[in-house]
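Undergrad: Before we start, here is the structure in question, set down as structure tokens.
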Ligand SMILES: Cc1cc2nc3c(=O)[nH]c(=O)nc-3n(C[C@H](O)[C@H](O)[C@H](O)COP(=O)(O)O)c2cc1C
């Protein structure tokens, strides 16, 4: 194993001490129960992710509003009834020695139901979402604030606002999906208003000492979408508001399935240049880079060259939960790579079925399929 001294050096986010630079970035796995509560399957999954040796686990997106669910199996934080299950989730992660964050979200026009909210009535599939009134806007901002408070109450070390993947926050920021003519639409200053109000309301509700991270969309990867010329300015505004970190990603559900995106997405470190650009734009906010950071050597180089402060792993860790231990030399076996040409996890998301990985051993896949009551793969 080559030099990985940067990867295994400690770091701090606000007052939180991270044992190394590895973060599990959020990855929806479809394991929540149909009522949005935490299931045994989910507890087992996050226990394994936390036991991998990463310093911090950011649990996949949980919805702040019944209209904001990306799927029927999305976690929810829109009511106190979800707190006990979420507490167990925070506990299993802590028990394995990792910090626990939970991502909060509103899917907006990408919600799975037919009743959808969005900044503008831009058609999504065959649904035209309802253009949000000022009252809707105020209600959703409040829902983010309330959701964040529940995350804190459940015992998580921090909350992450989902400003990626083209969900509601991005829908306000993006000129493609925001055609409003009021104070929430038009120039960047107006398009940033809703996202910044969400951040302010969340920070107010949890208190300024509680870490509020941000999943940051650097580029929509669409010609008429958001690009670095605007997102770097937005990053500076988030920094002024004291976000705990910026976890950088690119692309939305409008770009994820385009051939150009799929081509780029196959290469190692395909979003690192965006993380670097955001890190250059801000002065001290920690930046997480993600995107097929497959080899420990790549992770080490990103840190050594100052392109990011932390390394985000999603599919990479799902494919091989022993990645950190293998990188450190504690397990002397080769890393099992996420297969660049495979799209099984995404296709399971689109089918609304619990995710598994084509790179797992046959025994593991069979055991998983039995557990979820599926007879054969691909069914
Ligand atoms: C199936 C799937 C689900 C995801 N779910 C989320 C999510 O809930 N929130 C989020 O911010 N990003 C989500 N992402 C994006 C990942 O966090 C990550 O940025 C991306 O997969 C690149 O990292 P990787 O190559 O290690 O997977 C998801 C990605 C995949 C493939």
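Read-outs throughout are calculated quantities, based only on the coordinates presented, and are distinct from any laboratory measurement. Because the structure is a prediction, the values reported are computed rather than measured. Neighbour counts are summed over all protein chains in view; Cβ atoms, including those assigned to glycine, are modelled from backbone coordinates with ideal geometry.
Undergrad: Would you mind putting 100-111, 12-23, 289-300 in packing order, based on average other-beta-carbon counts within 10 Å, highest first?
TA: Ranking, from highest mean packing down: 100-111, 289-300, 12-23.
Undergrad: Determine the distance separating the Cα centre of region 188-237 from the Cα centre of region 106-169; give it in Å without decimals.
TA: 14
Undergrad: Then there is this: Past the 36 angstrom mark, what percentage of all C-alpha to C-alpha distances in the chain do you count?
TA: Pairs farther apart than 36 Å: 15 percent.
Undergrad: Does region 257-313 come out rounded, prolate or oblate by the C-alpha gyration tensor, with a ≥ b ≥ c the root eigenvalues, rounded set by a/c under 1.5 and, if not, prolate when a/b is larger than b/c and oblate if not?
TA: Taking the square roots of the gyration eigenvalues as a ≥ b ≥ c, region 257-313 is oblate.
Undergrad: Per 10 Å bin from zero, what fraction in whole % of the C-alpha pairs of region 148-199 is there, up to the bin with the longest pair?
TA: Once binned at 10 Å, the Cα pair distances of region 148-199 give 25, 42, 22, 11, 0.
Undergrad: Report for the chain the percent antiparallel among DSSP-assigned beta bridges with both residues inside it, nearest 5.
TA: Within the chain, antiparallel bridges account for around 10 percent of the total.
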